[in-house]
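Report on the following structure.
The values are calculated or read from the model by the stated rules, or taken from the named source; none is laboratory data. No experiment lies behind these values; they were computed from the predicted model shown. All Cβ positions, even for glycine, are placed from backbone atoms using ideal geometry, and neighbour counts span all protein chains on display. Areas reflect the complete protein model, heavy atoms only, side chains present, ligands, DNA and RNA absent. Shrake-Rupley method; radii C 1.70, N 1.55, O 1.52, S 1.80 Å.
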Amino acid sequence: MLISLNWLKDYVDIPVDVSTLAERLTLAGNEVDGIHEQDVNFEGVVVAEVKSLRPLPGSTKNQIASVTTGSAVVDVVTGAWNLGVGDRVPYAVPGSRLNDRRIETKSFLGVASAGMLCSAIELGLGEDAAGILILDQGATLGQDLRQLYPRDTILALEIKSNRPDLLCHLGIAREVGAIFNLSLKEPKIPKARTKDAPELVRIEAPDGCRRFVGHLVAGITVAPSPPWMQARLRSAGVRPISNVVDITNYVMLEAGQPMHAFDYQKLKDGRVVVRRAREGEEIACLDGKARRLTSSDMVVADSERAQGVAGIIGGADSAVEQGTTEIFLEGATWEPRSIRRTASRLGLRTEASSRFEKGLSPALSLPAVDRAAALVAELAGGKSTKSTDVYSEPLKQPKIEVTAQRVERVLGLKIKPAEAAAILERLRFSVQHSDGALRTQPPDFRLDCTIPEDLVEEIGRVYGYDRVPSTLPGERTPVRDLYQSQDADEVAREVLAGRELDEAVTNSLVSSTGTSDIGMPAAPRSLVRIENPMAENRDALRRSLLPGLLEALAFNARQDQPGARLFELGWGFWKKTNNAVDEPRLLAIAIHIPSGAGDAAAAELRALQATVATVRNRLAVTSTDFRQAEAAGFHPGRSAEVLDAGEPIGIVGEVHPAALAEVDLPGRAVAAEVLFDRLTGGGRRAPQARPLPRFPGVRRDLTVVIRGKIASNDLVQVIRQLGGYTLRDISMLSEYQGPQLGAGARSLSFRLQYQADDRTLTNEEVSTVQQRIIDGLKQRFDAEVRS
């Protein structure tokens, strides 16, 4: 939306410079995209009057115009033929300038032309190059044309879709008045005395037209509009056409209501019919194109054919033109979805449709038509004779109540009720104080305010969002309370899916005799029996999720889909000594290694251990410990307990070949099962932010050769104990067994990361700690250490 500052000043006294105005409008929610200084680029052009016209001897294209500036009469040769004796025109005197062009006296076929008469395009005042610009008869002879077309500042605003009332100068003036607490100078609209003529309009599709206002104006003379109106239209990006058409555009840009003027003599039977278009009906539009309509399109028609596409564009057959003496001015309120649908289908978006499709208030129609009729009487000499207003369901604005406590809770600051009421009143809301609350009713032109939060928004944006302190609005909720237990499920699923695991859902009902005994050590060995099972092989409740996952791996392998990687989050059923049943939440993972290679199984087992630790770490439970252990269904020496504060909460390891044979699964498999709530800390631990390290770390590698059944995790625990607080991270790089090491020997490689919070560690400090670790490993495990 383009807003002329000169035009805006007619309605409100602006107390600040244009940059401050743009900033305050933007802070109030009316974003100013740009500021453009508009200035005419000519000098020495004055107002002149045509005294006589005669042909240029020897030419069929040019004529000689004798013009006067009030102090002198000169002859000017012109190629334009739209002139008439008595017309007032722009005259560029010898020595004047048009852009970079100097105007001098020239000779045409022996006749001297003192300067030139100018068209709109030559002056930079429009696109019309076909003829000379005809000025208002009230323009003073000899007056500098720059006084008729003064310098202006144009604001380009981005108006939000819920505020069509701001798509006009009066709407922005109301905003400026509310922001700076200024009074508004609205144009005075004289009420025309007309005969009520309901027969002028018939609405056959009331679902598409909420209100239709019309004025019949007779005795008009179509001519150019005055320069001041042309200048304002051009400042808003609208091309002047004629006084009648310009008036309808002017009122739209002033008050926000699109309008249209029909040549009343061209309307069949002198009646307007508002209806749906007939399927396939065609209309010749004002832009010179013919368009085919559908039965869903709204049209303004006479008794025979469509004369305009409702809310979008008028028809050429009833257009106002030279010679029109009687017009029908209409201002309607159209159903926005219908206008949007038709404009989209036709690929035609106009100034009118862009307003109607946002939902204009029906309260705008009548004052807009009255204003246009008054301007027609002033500028085109017409007189309103008849009028009609079809308005079956008048607008009823809602009553909204808001309390000071609600304003404070939503905005995050306390605004006194009196100040909040004053802001709403400046925005034209009616306000009443009642029991500490504000009972309000929006103005008729606002359809976007229906609930208390809308009022709070209005108060906040005019009060100034930049004045709101930097605090969280509304009720305060501790961060830790935002992490609910159900969130842990999604975090776990996210981590496991990222490790290329697919979620499975297995049956909670199992066979009491044919179910594998695999499970975590903490689970009871006996199953919970069902007294009345629906199937003989489903007569008990599962104590572990692992048997179901292993059966799923075997089923996939039988379907030529080996290598399945599955996890499940579900409930287990543990029988207690008092015949009660405990229902722990379990997380189980099972991975098939179809190759059966030991190295592949070992690599997958380490990855599985890291996956379990990652789930725990993502839920802000950072300490994950493992301890070598044996469990039913797991391979001895290749399994470990998952610990929480030293207490076992699960198992991870390679599945025993006997358990694989029970489900007929070839190759190898690794699996894990944990108590989910113990693993994730209930999902209620809030993550703690830590600053990035200020000082660099030091990395050292360590290779240890051990003999016998020593768990690598035991080495890690000793390294962590001896490393002290500067040892930040330990990761295992590789494990090797081979003939070079001898029978029963393994080579384990670790990477150690050292770092301090308060300084950069020296090589001597790191070497001292590293040597302490080496000595400890040698003493504890009789290891051969290669640092």
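The table below gives the values:
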{"read-out": "The stretch 152-208 - residue that is assigned to a loop (DSSP other than H, G, I, E, B) and under 27 Å from the mean Cα position of the chain (by Cα) and, of those, surrounded by the most Cβ atoms within 10 Å (Cβ to Cβ)", "value": "CYS168"}
{"read-out": "Considering residues of the stretch 619-629 that are farther than 12 Å from VAL716 by Cβ and surrounded by 16 or more Cβ atoms within 10 Å (Cβ to Cβ) only, the residue modelled with the lowest pLDDT", "value": "ALA620"}
{"read-out": "Considering residues of the stretch 341-360 that are of a type in the set (Ser, Thr, Tyr) and more than 17 Å from GLY315 (Cβ to Cβ) only, the residue surrounded by the fewest Cβ atoms within 10 Å (Cβ to Cβ)", "value": "SER344"}
{"read-out": "Residue within the stretch 531-544 that is more than 25 Å from HIS656 (Cβ to Cβ), open to solvent by 80 Å² or more (accessible area, probe 1.4 Å) and of a type in the set (A, V, I, L, M) present", "value": "yes"}
{"read-out": "Selected residue (criterion: most open to solvent (accessible area, probe 1.4 Å)) from residues of the stretch 431-442 that are in contact with a Ser or Thr (Cβ under 7 Å, 6 or more places away or on another chain) and either of a type in the set (Ser, Thr, Tyr) or part of a strand (DSSP E or B) (or both)", "value": "GLN441"}
{"read-out": "Which listed residue is part of a helix (DSSP H, G or I), under 37 Å from the mean Cα position of the chain (by Cα) and not hydrophobic (A, V, I, L, M, F, W, C), from ARG406, ARG349, ARG428", "value": "ARG406"}
{"read-out": "Entirely in the stretch 646-736, the strands (runs of 3 or more DSSP E) that have 2 or more residues that are open to solvent by less than 10 Å² (accessible area, probe 1.4 Å)", "value": "647-655, 668-675, 698-707"}
{"read-out": "Any chance LEU455 is surrounded by 13 or more Cβ atoms within 10 Å (Cβ to Cβ), farther than 30 Å from LEU424 by Cβ, out of contact with any Pro (no Cβ under 8 Å at 6 or more places or on another chain) and modelled with pLDDT of 90 or more", "value": "no"}
{"read-out": "Strands (runs of 3 or more DSSP E) contained in the stretch 240-285 and holding at least 2 residues within 40 Å of the chain's Cα centre (by Cα), in contact (Cβ under 8 Å) with a residue 12 or more places away in the chain and closer than 19 Å to ALA343 by Cα", "value": "272-276, 282-284"}
{"read-out": "The stretch 94-118 - residue that is closer than 19 Å to SER52 by Cβ and part of a strand (DSSP E or B) and, of those, most open to solvent (accessible area, probe 1.4 Å)", "value": "PHE108"}
{"read-out": "Selection count, the stretch 755-786, where residues are touching a Lys or Arg at 6+ places or on another chain (Cβ under 7 Å) and either open to solvent by 60 Å² or more (accessible area, probe 1.4 Å) or assigned to a strand (DSSP E or B) (or both)", "value": "1"}
{"read-out": "GLY498 vs. criteria at pLDDT 90 or above and either under 26 Å from GLN405 (Cα atoms) or surrounded by fewer than 19 Cβ atoms within 10 Å (Cβ to Cβ) (or both)", "value": "yes"}
